[in-house]
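Undergrad: Sharing a structure, written as structure tokens. Questions coming.
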Amino acid sequence: MEQSVVHKVIIIGSGPAGYTAAIYAGRANLSPLMIDGGVGRGQELLGAGGQLTITTEVENYPGFEHGIQGPELMMVMRNQALRFGVEVVEDLVTRVDFSQRPFKVWVGDDLYQSQTIIIATGASAKWIGLPEERPAWEGGLGGRGVSACATCDGFFFRGKEVAVVGGGDTAMEEAIYLTNHATRVYVIHRRDTLRASQIMQKRAFANPKISFVWDAAVERINDPAEGKVTSLTLRNTRTGEISELAVQGLFVAIGHKPNTDVFTGQLELDETGYIVTVHDVRTSILGVFAAGDVQDTEYRQAITAAGSGCMAAIQAERLLEAEAR
Ligand code: NAP
């Protein structure tokens, strides 16, 4: 069904970037429409609120002296956005057409049109695919010793032994960061050579707290029955030999996937699928902005996502204002 109204701003996605954009656009009287991602289906498709909905405590988001639970932070932001009049469509965008303005966004058969678009669909951490990685409420250990973000959760492993899975730059970065907290960090890699850049390899090899477990795949995270990570069951990828590694935490660092499938062919993406932006949030199309993890390969923090959501809303407002003159 085609809606006759042409919105000033449509925000696609509802993590910290999307909600912040909604708050700013709402306060600027732009009557934003948000298409929030819907209910999701667990870790592969997170739905409204994004990655923070599958984390536990967030201690580094300024303004919460004693920390706040990730899902609660998203709920507070959502309520704040609602207070400023954002209209929310609780569903997933299925198709877009950015070839001319007004831009077109479909949710199934429903067509929405807008003068500007803010894309804040985020990124999803890649997971190994083990049932124990799933969030605690789905019977897994996610949030209770299994994480995809050392900056977020490393602090909880002070004085403990942890493992990082992956052989790329992210894995090295996570492992090095974790040595600030953990007494030992095992890097588990499925081959015997790293994919990481030479400089990151060198740093990781030189760190006395990091040990490498080569040719190994994680078969099982133990022990969901105890509600925490106690060890990993590993399989040697060459010999098939099974072994056990005692650790209290597992960080999965096998890459992130930006949620941009629906935008392929519509605007410039880099070789890994992230939206290319200039001046922080402007995409290759005038009037289409991108904020948060969907365009951020470097920081990927809730606070940086929120900051770029603010920038995108201000940019959208300025563009509309300039065009109205
Ligand atoms: P990446 O380079 O694609 O590395 C992913 C790693 O995970 C690879 O070692 C891969 O093993 C392993 N892996 C993939 N799927 C796996 C699975 N199912 N089970 C076990 N292991 C698996 O990803 P990234 O490290 O996130 O880096 C992404 C990009 O960002 C890169 O271009 C990187 O240089 C850049 N980056 C740069 C920095 C920095 O410069 N400081 C920091 C972070 C990221 P194989 O090697 O066997 O394929």
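Undergrad: Within the range 206-215, can one find any residue that is within 22 Å of the chain's Cα centre (by Cα) and away from the ligand (no atom under 12 Å from the Cβ)?
TA: no
Undergrad: For residues that are of a type in the set (V, I, T) and surrounded by fewer than 22 Cβ atoms within 10 Å (Cβ to Cβ), scanning just the range 176-191, find the one that is farthest from the ligand (Cβ to nearest atom).
TA: Filtering the range 176-191 for residues that are of a type in the set (V, I, T) and surrounded by fewer than 22 Cβ atoms within 10 Å (Cβ to Cβ), the one farthest from the ligand (Cβ to nearest atom) comes out as T183.
Undergrad: Still on this structure, please answer the following. From the residues in the range 285-301 that are modelled with pLDDT under 95 and surrounded by 17 or more Cβ atoms within 10 Å (Cβ to Cβ), which one is nearest to the chain's Cα centre (by Cα)?
TA: Checked the range 285-301; the qualifying residue nearest to the chain's Cα centre (by Cα) is R300.
Undergrad: OK, next. Tell me, yes or no, whether the range 155-169 has at least one residue that is more than 23 Å from the chain's Cα centre (by Cα) and without any contact (Cβ under 8 Å) to a residue 40 or more places away in the chain. Working first, answer last.
TA: Initially, the range 155-169 is screened for residues more than 23 Å from the chain's Cα centre (by Cα), giving 158-161.
Now drop any that are not without any contact (Cβ under 8 Å) to a residue 40 or more places away in the chain, which leaves 158-159.
Yes, that holds for at least one residue.
Undergrad: Filter the range 303-313 for residues that are touching a strand residue (DSSP E or B) at 6+ places or on another chain (Cβ under 9 Å) and open to solvent by 20 Å² or more (accessible area, probe 1.4 Å) and give the result.
TA: Correct list: M311 only.
Undergrad: On to the next question. So which residues in the range 192-235 are in a strand (DSSP E or B), out of contact with any Leu (no Cβ under 9 Å at 6 or more places or on another chain) and open to solvent by less than 20 Å² (accessible area, probe 1.4 Å), if there are any at all? Can you show your working first?
TA: Looking only at the range 192-235, we keep the residues that are in a strand (DSSP E or B), and these are 210-213, 216-222, 231-235.
This time we only want the ones that are out of contact with any Leu (no Cβ under 9 Å at 6 or more places or on another chain), so: 211, 235.
Correct list: empty.
Undergrad: OK, next. Test W137 against the stated conditions and say whether it is within 30 Å of M1 (Cβ to Cβ), among the hydrophobic types (A, V, I, L, M, F, W, C) and out of contact with any helix residue (DSSP H, G or I) (no Cβ under 9 Å at 6 or more places or on another chain).
TA: Spelling it out, it is not the case that W137 is within 30 Å of M1 (Cβ to Cβ), among the hydrophobic types (A, V, I, L, M, F, W, C) and out of contact with any helix residue (DSSP H, G or I) (no Cβ under 9 Å at 6 or more places or on another chain).
Undergrad: So which strands (runs of 3 or more DSSP E) stay within the range 236-305 end to end and still have 1 or more residues that are away from the ligand (no atom under 16 Å from the Cβ) and out of contact with any His (no Cβ under 7 Å at 6 or more places or on another chain)?
TA: Fully inside the range 236-305 and qualifying: 242-245, 249-252, 288-290.
Undergrad: So for the range 114-136 (the condition being farther than 30 Å from A171 by Cα and open to solvent by 40 Å² or more (accessible area, probe 1.4 Å)), does at least one residue qualify?
TA: Taking every residue of the range 114-136 in turn, at least one turns out to be farther than 30 Å from A171 by Cα and open to solvent by 40 Å² or more (accessible area, probe 1.4 Å).
Undergrad: Which one is surrounded by the most Cβ atoms within 10 Å (Cβ to Cβ), of the residues in the range 1-48 that are modelled with pLDDT of 95 or more and β-branched (V, I, T)?
TA: I11
Undergrad: Testing A163 on (1) more than 26 Å from A302 (Cα to Cα); (2) at pLDDT 95 or above, one condition comes back false. Which one is that?
TA: Condition not satisfied by A163: (1).
Undergrad: Restrict the check to the range 153-175 and report whether at least one residue is under 12 Å from T55 (Cα atoms) and more than 15 Å from the ligand (Cβ to nearest atom).
TA: Yes, some residue in the range 153-175 is under 12 Å from T55 (Cα atoms) and more than 15 Å from the ligand (Cβ to nearest atom).
The values are calculated or read from the model by the stated rules, or taken from the named source; none is laboratory data. Please read all numbers here as calculations on a predicted model, not as lab measurements. Every residue, glycine among them, receives a Cβ derived from its backbone with ideal geometry; neighbour counts consider all protein chains shown. To get the accessible areas, we keep the full protein, side chains included, count just its heavy atoms, and leave off ligands, DNA and RNA. Shrake-Rupley method; radii C 1.70, N 1.55, O 1.52, S 1.80 Å.
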